[in-house]
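Here the structure comes first, spelled out in structure tokens, and everything after it is commentary.
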Amino acid sequence: MADSAQAQKLVYLVTGGCGFLGEHVVRMLLQREPRLRELRIFDLQLGPWLEELKTGPVQVTAIQGDVTQAHEVIAAVAGAHVVIHAAGLVDVFGRASPETIHEVNVQGTKNVIEACVQTGTQFLVYTSSMEVVGPNVKGHPFYRGNEDTPYEAVHRHPYPHSKALAEQLVLKANGRKVRGGLPLVTCALRPTGIYGEGHQIMRDIYYQGLRLGGRLFRAIPASVEHGRVYVGNVAWMHVLVARELEQRAALMGGQVYFCYDKSPYKSYEDFNMEFLGPCGLRLVGTRPLLPYWLLMLLAALNALLQWLLRPLLLYAPLLNPYTLAVANTTFTVSTNKAQRHFGYEPLFSWEDSRTRTIRWVQAMDGSAQ
Ligand SMILES: NC(=O)c1ccc[n+]([C@@H]2O[C@H](COP(=O)([O-])OP(=O)(O)OC[C@H]3O[C@@H](n4cnc5c(N)ncnc54)[C@H](O)[C@@H]3O)[C@@H](O)[C@H]2O)c1
Ligand SMILES: C[C@@H](CO)CCC[C@@H](C)[C@H]1CC[C@H]2[C@@H]3[C@H](O)C=C4C[C@@H](O)CC[C@]4(C)[C@H]3CC[C@]12C
């Protein structure tokens, strides 16, 4: 696929191409995949920024569509060489119903797989999540583990449950014959908590800090490590995997890869301060200001309020029993599988990732809180 006869011949489809990660994948493909002829961007909601991409040498096709609608997915996939399936309903705050999360993340992924099989698309990259592994409901730490580290993955929350089911479907589909008789080659990328330009939760926490007079209050012990990875490096991994999947099908087909880079191991809150600190926020306390049992009580109260208020309004604060458990359980990865299998090295150093993220936070309108 890499020889010059193939120059500018390839058609890629990115589902969820207008989301936080999807936009970075789209821009990275346009910058770093010279063999691209057409880039299709499929999303429920199309971003206005797509317009500026349409003037370049690659044909950019924006498709407004829903992954739960099989016929829309088939139409978008037909004729594509590679599908990067990043669309998903990312909800750990109780905004969407468990049924909707399942429909988008599981049925949507089934539709993408079946569309590849029916139309003859041979290469499928799935954006999975660290959450398919853990943290589990028992709060077991996963300390700098890799893809082979034994861990009891038990999910009760609809989001990780749906991501785990979808990942299994994708991996099981590896080797299925697609239209024309060739085998489908699939693999799954598992980012830890992604950060960088466009990260909505970082934006929310920044505005929360501004509302609190430039302060955030430590809730989680500094010793709890939470895995984070820069969005540009996650996008780069997607581009590389997509590129290498044909040449290294036997090695990479049916495999999972954690997404990693040189971001430091820190607690969720301390890590955020790497960016929010230079933007004027301060994290108050060297230890959690509230005892853990009280935080759990508050989280449970939030869950109760969400349930009580549901007929009237959507109450979905950051703190709930699930987010507290995730933030309070060590989950970090240390692996070089992506480097060994397809030569991945992070494109952005930690210093670059940090600077880019700080610039993005600084550019936010402080009055928009
Ligand atoms: N943000 C993280 O920290 C993180 C970490 C690990 C994995 N992931 C995974 O990465 C992927 C992208 O996440 P993100 O953080 O960019 O989220 P996001 O919400 O910003 O992007 C998801 C995109 O999918 C689209 N989408 C949702 N439902 C759709 C549907 N029915 N049909 C078509 N498009 C639909 C949305 O409109 C959105 O543009 C997801 O699959 C998520 O599970 C995210
Ligand atoms: C207890 C609060 C005090 O400051 C902090 C709450 C923070 C939580 C809202 C976030 C802590 C960890 C985050 C998750 C993690 O980074 C990985 C994820 C995987 C991905 O697939 C989806 C997003 C997320 C679940 C992410 C969501 C927000 C946190 C729970």
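Things worth noting here:
- Considering each residue of segment 320-341 in turn, none proves to be within 23 Å of V239 (Cβ to Cβ), in contact with a helix residue (DSSP H, G or I) (Cβ under 6 Å, 6 or more places away or on another chain) and hydroxyl-bearing (S, T, Y).
- In this structure, G198 does satisfy being surrounded by fewer than 19 Cβ atoms within 10 Å (Cβ to Cβ) and modelled with pLDDT of 95 or more.
- Within segment 226-237, residues that are within 12 Å of V25 (Cβ to Cβ) sit with their Cβ atoms under 8 Å from residues that are assigned to a helix (DSSP H, G or I) and among the aromatic types (F, W, Y), at 6+ positions apart or across chains, in these pairs: V231/F20.
- Segment 52-61, residues that are crowded, with 17+ Cβ neighbours inside 10 Å and in a strand (DSSP E or B): V60
- For first residues located in segment 133-152 and surrounded by 13 or more Cβ atoms within 10 Å (Cβ to Cβ) and hydroxyl-bearing (S, T, Y), partners that are modelled with pLDDT of 95 or more and part of a strand (DSSP E or B) and lie 6+ apart or on another chain with Cβ distances below 6 Å form the pairs Y151/F142.
- Every pair of residues 6+ apart whose Cβ atoms lie under 7 Å, when the first sits in segment 176-194 and is closer than 12 Å to E131 by Cβ while the second is of a type in the set (S, T, Y) and surrounded by 22 or more Cβ atoms within 10 Å (Cβ to Cβ): R190/S128; R190/S129; R190/Y257; P191/S129
- The residues of segment 120-132 that are part of a loop (DSSP other than H, G, I, E, B) and within 11 Å of ligand 1 (Cβ to nearest atom), listed by number, are S128, S129.
- Exclusive hit being under 18 Å from the mean Cα position of the chain (by Cα), within 11 Å of ligand 2 (Cβ to nearest atom), surrounded by 20 or more Cβ atoms within 10 Å (Cβ to Cβ) and not acidic (D, E), set Y257, Y268: Y268
- Among residues of segment 338-356, those that are of a type in the set (S, T, N, Q), assigned to a helix (DSSP H, G or I) and under 20 Å from the mean Cα position of the chain (by Cα), counted: 2
- Tallying residues that are assigned to a helix (DSSP H, G or I), in contact with a helix residue (DSSP H, G or I) (Cβ under 8 Å, 6 or more places away or on another chain) and surrounded by fewer than 18 Cβ atoms within 10 Å (Cβ to Cβ) within segment 62-119 yields 5.
- When the strands (runs of 3 or more DSSP E) confined to segment 143-254 are screened for residues that are touching a Cys at 6+ places or on another chain (Cβ under 7 Å) and of a type outside the set (F, W, Y), those reaching at least 1 such residues are found at 185-191, 228-230.
- Criterion (surrounded by fewer than 21 Cβ atoms within 10 Å (Cβ to Cβ), modelled with pLDDT of 95 or more and within 11 Å of ligand 2 (Cβ to nearest atom)) met by exactly one of R282, R218: R218
- None of T335, T323 is assigned to a helix (DSSP H, G or I), of a type in the set (V, I, T), touching a residue at least 24 places away in the same chain (Cβ under 8 Å) and buried (at least 17 other Cβ atoms within 10 Å of the Cβ) except T323.
- Scanning segment 301-320 for residues that are in a helix (DSSP H, G or I) and free of Cβ contacts under 8 Å to residues at least 12 places away in the same chain turns up L301, L304, L305, W307, L308, L309.
- Looking across segment 132-150, the residues that are under 28 Å from T100 (Cβ atoms) and at pLDDT below 95 come down to G134, P135, N136, V137, K138, G139.
- Selection status of A115, without any contact (Cβ under 8 Å) to a residue 24 or more places away in the chain, within 29 Å of D66 (Cβ to Cβ) and of a type in the set (G, A, S): no
The values are calculated or read from the model by the stated rules, or taken from the named source; none is laboratory data. The structure displayed is predicted, hence computed values, not measured ones. With ideal geometry, Cβ positions are generated from the backbone for all residues, glycine too; neighbour counts draw on all protein chains shown.
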